[in-house]
Each structure stands twice: as structure tokens, then as C-alpha cells.
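> What follows is a structure written as C-alpha cells; I'll ask about it next.
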Amino acid sequence: AIKYLEQSLLIRKKSQGHDHSDVANLLQNLGQVHALMGNNDQAMSDLEKALKLRSTQGEVNISVARNLSAIGNIYIAKGQLDEAMTIQRRSLDIKKQVLGTLHPSVAVSLMDLGSVCHKRGYIDEAISLYKEALRVQKGVYKDQEHYMDFGVTMHTIGVLHQLKGEIVKAKEALTNASSFYKEASLDHDHRCVIALSMSLETLALH
């Protein structure tokens with residue numbers, strides 16, 4: 001995949017110039033492949049080149065947001081959480097501006113940022129972000145097919161409340177997560193149900 005993308009990149013640069021949007025797209029794709037392979041430094045280099053190209057062209061669109069999000073994930077992998085938070089906030093702001101507040105991609109960015117806040121120890125902000133993500137999910141998805149997604153988000157909210165020692169709120173959230181899983185008809189041996197059962201058992205010890 002990398003060789004193919006590198007060859008395509010060379011061809012695009014020759015045929016369309018170094019500053020064409022297709023070049024930015026290929027650089028971003030190449031960066032994401034490097035990231036999947038654990039080549040974080042090369043991934044960051046490619047992604048930053050793509051972002052610089054888009055900034056030069058004055059683009060503010062979903063491609064820029066995804067580019068930023070990919071850079072944020074590299075920062076997370078490298079343990080640079082403050083940088084990751086800054087980048088993920090920029091990505092979220094652009095998604096809201098371009099897509100509106102009720103969009104699946106906005107929910108994903110809210111949870112990504114919430115995860116970074118959790119790792120950074122900003123539990124209150126993480127809870128707020130996951131709750132906002134759940135509101136977006138419920139606003140976007142109306143069918144039972146997505147109840148498992150609601151349950152996963154609610155489970156995370158419960159775990160975060162538990163970390164704060166807010167046992168009543170944690171129990172309420174975890175119970176709601178269980179209800180969503182039942183509505184989604186998940187089997188008792190489903191990984192989400194097992195993880196939730198472990199959280200409920202841990203909570204019962206308090």
C-alpha cells in the first residue's frame with residue numbers, strides 16, 4: 001500500500017503540481033497508513049505536509065478536520081496529550097462548523113476528545129464530552145440498530161463517574177447502559193456485556 005501511494009504521489013506532483021488538493025489527499029492517506037504500521041514519525045511528517053498544503057489553499061472542510069484528527073491520534077500514540085487535545089479541539093470545531101452539531105462524525109470527535117481528557121485526568125470535561133456525544137448519537141440515530149453504541153457511550157460515562165467516586169451517578173449510567181444492551185439484543189457473552197458486568201461488579205464493591 002505504501003509503495004502504491006508513494007508512486008501515485010509522484011505522478012500527481014508531476015501532472016498537477018506540488019500544491020494540488022489531490023497531493024494533500026495522498027499525503028494524508030500515506031500518513032494514515034504509516035500510522036497503522038506504527039511509523040509515527042513518518043506519519044506525522046506526511047500528515048503535517050498535507051495540513052500545510054490545505055492551510056495554504058485556505059481550505060476549511062471535512063478533509064482538514066480528518067487531517068487534524070489523524071495528527072491528534074499520532075500525538076496520543078506518542079504520549080503528547082496536551083498537543084493531542086489542542087489538535088482534537090480544532091478538528092471538532094471544524095466538524096461542527098462544516099457538518100453541524102448533529103452528525104455521526106461530530107460524535108466520534110467528541111468521544112476522541114473525551115478519551116484524551118480522560119487520559120489527561122480531566123474527568124469532569126471528559127464526562128461532559130461523552131454526554132454531548134450521547135446526545136448527538138441519539139439525535140442522529142433513531143433505530144434500535146444503534147442502541148449498542150448508546151450503551152458503549154453510557155458505559156464510559158458510568159466508568160468516569162466511578163473514577164470520581166460518584167457511585168450513585170455511576171450506577172445510574174451503568175444501569176442505563178445495560179438497558180441499551182438489552183434493547184440491542186446482545187448476548188450475555190458479547191464483549192460489551194462482559195465488560196459492563198465487570199464494571200458493575202467493581203461498583204458493587206464500594
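The values are calculated or read from the model by the stated rules, or taken from the named source; none is laboratory data. Treat the numbers as computed from the prediction; the structure is a model and nothing was measured. Cβ atoms come from the backbone with ideal geometry, glycine included; neighbour counts cover every protein chain shown. Heavy atoms of the whole protein, side chains included, go into the accessibility calculation; ligands, DNA and RNA do not. Shrake-Rupley method; radii C 1.70, N 1.55, O 1.52, S 1.80 Å.
> Pairs please, first residue from the range 188-206 and aliphatic (A, V, I, L, M), second anywhere and not in a helix (DSSP H, G or I), Cβ atoms under 6 Å, 6+ apart in sequence or on different chains.
Note: pairs meeting the criteria are Val193/Leu186.
> Would you be able to tell me the number of residues in the range 62-73 that are open to solvent by less than 70 Å² (accessible area, probe 1.4 Å) and either more than 25 Å from Ala107 (Cα to Cα) or polar (S, T, N, Q) (or both)?
The initial filter retains those residues of the range 62-73 that are open to solvent by less than 70 Å² (accessible area, probe 1.4 Å), namely 62-65, 67-72.
Filter again for either more than 25 Å from Ala107 (Cα to Cα) or polar (S, T, N, Q) (or both), leaving 63, 67, 69.
Matching residues across the range 62-73 total 3.
> For residues that are touching a His at 6+ places or on another chain (Cβ under 8 Å) and open to solvent by less than 10 Å² (accessible area, probe 1.4 Å), tally how many sit in the range 158-180.
Count: 5.
> Test Lys142 against the stated conditions and say whether it is out of contact with any Phe, Trp or Tyr (no Cβ under 7 Å at 6 or more places or on another chain) and at pLDDT 95 or above.
no
> Just to check your reading of the model, which residue among Lys131, Lys78 is closer than 22 Å to Gly38 by Cβ, open to solvent by 50 Å² or more (accessible area, probe 1.4 Å) and not polar (S, T, N, Q)?
Of the residues listed, the single one that is closer than 22 Å to Gly38 by Cβ, open to solvent by 50 Å² or more (accessible area, probe 1.4 Å) and not polar (S, T, N, Q) is Lys78.
> Right, something else. Does at least one position in the range 65-73 carry a residue that is among the charged types (D, E, K, R), farther than 16 Å from Asn29 by Cα and either assigned to a loop (DSSP other than H, G, I, E, B) or under 19 Å from the mean Cα position of the chain (by Cα) (or both)?
Of all residues in the range 65-73, those among the charged types (D, E, K, R) come to 66.
Narrowing further to those that are farther than 16 Å from Asn29 by Cα: none.
Looking through the range 65-73, none of the residues is among the charged types (D, E, K, R), farther than 16 Å from Asn29 by Cα and either assigned to a loop (DSSP other than H, G, I, E, B) or under 19 Å from the mean Cα position of the chain (by Cα) (or both).
> On to the next question. Evaluate the range 110-128: report whether one residue or more is polar (S, T, N, Q) and under 22 Å from the mean Cα position of the chain (by Cα).
Within the range 110-128 (the criterion being polar (S, T, N, Q) and under 22 Å from the mean Cα position of the chain (by Cα)), the answer is yes, since at least one residue qualifies.
> If you go through the range 95-102 one residue at a time, do you hit one that is within 27 Å of Arg191 (Cβ to Cβ), β-branched (Val, Ile, Thr) and at pLDDT 95 or above?
No, there is no match, as no residue in the range 95-102 is within 27 Å of Arg191 (Cβ to Cβ), β-branched (Val, Ile, Thr) and at pLDDT 95 or above.
> So which of Val136, Val108, Val140 is open to solvent by 60 Å² or more (accessible area, probe 1.4 Å) and of a type in the set (A, V, I, L, M)?
Of the residues listed, the single one that is open to solvent by 60 Å² or more (accessible area, probe 1.4 Å) and of a type in the set (A, V, I, L, M) is Val108.
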